[in-house]
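To keep things clear, I will list the structure first and then write my remarks on it.
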Amino acid sequence: MKIGIIGAGSIGLLFSYYLNEKHQVTVYTRTKRQAELIQVNGVHLIEGSTTKARKVKADPIEFWNGDEDLTIITVKQYQLPSIISLIDKQLKMQGSLLFLQNGMGHLRFLSELKVSNVFLGAVQHGAVRVNEYTVSHNGNGGTRVAVYRGEETHLKGLIGSVPEGFQMELKEDYFEMLQSKLIVNAIINPLTATFQVSNGALLHNQYLNQITISLFEEIAAVLNIHNREEQFANVLSVCKKTSENKSSMLMDIESGRDTEIDAILGYVLEEAERKQIPAPLTRNYYNLIKGKELKRRRT
């Protein structure tokens, strides 16, 4: 299968490395320089003390024309508007797209797409981009995918062909799938980024653990979560499995990049306003992260 991957951050590099084992993959980059580096060096994968490399075709994003069987979009959610505009220009009704973004804010973009087959995914892997062609695979949690609209042939083809150790699971309900991932992101990301701690601190620091519980309860009320015990257990499980890891939001703050706070807590706040439910903690941590973003831009 011909697969295009738009975005060469940590997730784009991770997927391009693994999927290129059995598919013809082209990764599309924001800059010409990154595409050239990947063409020369391939994609390098660090796993523990081992580094492996695999040749992967790379082109700048302006070369994408939508002629692959499946295009996987891995850019951050705040980068989606320009990508959606590109997709609308290149694709009409034919084609299959798989969106791999945190949060749920991107759902509002998808109804406008003319393409027939639209899929959604929730990535559970821990991955950090080391340089423009190297990614460190720090935790294997698999990927959950679901159909948003259309026919699932290419999605099932992808699931049936992923290499060992890079599992992919088809879910029936895309909304439930994304909401479960949203809850994890809405707790771990803003708290670790605010207090500048690894994920495990939310378990082991009794004071941060109390904040974790309070924020979860507020978000669960806003989202009208019925299986609260199961969802909170999932949050704690992720904290435990990734105890030594830094969240993507904390790494964004440390690197001076914009975060996905609007797609995560911003979405929760929109729901709170729509339902007229008070969400002071959510608002507080949203403002804290936005304040950190602004401070980084000015220094």
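A few notes on this one:
- Selection of first residues in region 243-262 that are under 11 Å from Arg296 (Cα atoms) and of second residues that are assigned to a loop (DSSP other than H, G, I, E, B) and among the polar types (S, T, N, Q), restricted to Cβ pairs under 7 Å at least 6 apart or on distinct chains, gives the following pairs, ordered by first then second residue: Asp252/Thr259; Ile253/Thr259.
- If you check Arg297, Arg274 for being surrounded by fewer than 15 Cβ atoms within 10 Å (Cβ to Cβ), part of a helix (DSSP H, G or I) and modelled with pLDDT under 95, only one passes: Arg297.
- Residue check, Lys246 of a type in the set (Lys, Arg), part of a helix (DSSP H, G or I), within 30 Å of Val130 (Cα to Cα) and within 15 Å of the chain's Cα centre (by Cα): no
- So Lys292, is it out of contact with any Pro (no Cβ under 6 Å at 6 or more places or on another chain), of a type in the set (D, E, K, R), surrounded by 16 or more Cβ atoms within 10 Å (Cβ to Cβ) and not in a helix (DSSP H, G or I): no
Listed here are the residues, each with its yes/no results for (1) polar (S, T, N, Q); (2) farther than 20 Å from Phe15 by Cα; (3) touching a Phe, Trp or Tyr at 6+ places or on another chain (Cβ under 6 Å); (4) assigned by TED's automatic domain parsing to the domain that holds Glu112.
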| site | (1), (2), (3), (4) |
| --- | --- |
| Ala53 | no, no, no, yes |
| Pro60 | no, no, no, yes |
| Trp64 | no, no, yes, yes |
| Asp69 | no, no, no, yes |
| Gln79 | yes, no, no, yes |
| Ile84 | no, yes, yes, yes |
| Gln94 | yes, yes, no, yes |
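- Considering region 1-112, the qualifying helices (runs of 4 or more DSSP H), each wholly inside and each with 3 or more residues that are under 18 Å from the mean Cα position of the chain (by Cα) and surrounded by 13 or more Cβ atoms within 10 Å (Cβ to Cβ), run over 10-19, 80-90, 107-110.
- Count - residues of region 75-115 that are free of Cβ contacts under 8 Å to residues at least 12 places away in the same chain and of a type in the set (Ser, Thr, Tyr): 3
- Flag if Leu178 is touching a helix residue (DSSP H, G or I) at 6+ places or on another chain (Cβ under 9 Å) and either over 30 Å from Ser116 (Cβ atoms) or charged (D, E, K, R) (or both): no
- Among the residues of region 212-235, those that are farther than 22 Å from Phe175 by Cβ and either surrounded by fewer than 18 Cβ atoms within 10 Å (Cβ to Cβ) or not assigned by TED's automatic domain parsing to the domain that holds Gln276 (or both) comprise Ile213, Ser214.
- Flag if Arg144 is in the same structural domain as Leu37 (by TED's automatic domain parsing), within 26 Å of Ala53 (Cα to Cα) and charged (D, E, K, R): yes
- Subset of region 140-169 (residues that are part of a strand (DSSP E or B) and surrounded by 15 or more Cβ atoms within 10 Å (Cβ to Cβ)): Thr143, Arg144, Val145, Ala146, Val147, Tyr148, Arg149, Met168
The values are calculated or read from the model by the stated rules, or taken from the named source; none is laboratory data. What you see is a predicted model, and the numbers here were worked out from it, not measured in a lab. Ideal geometry is used to build each Cβ from the backbone, glycine not excepted, and the neighbour counts take in all protein chains shown.
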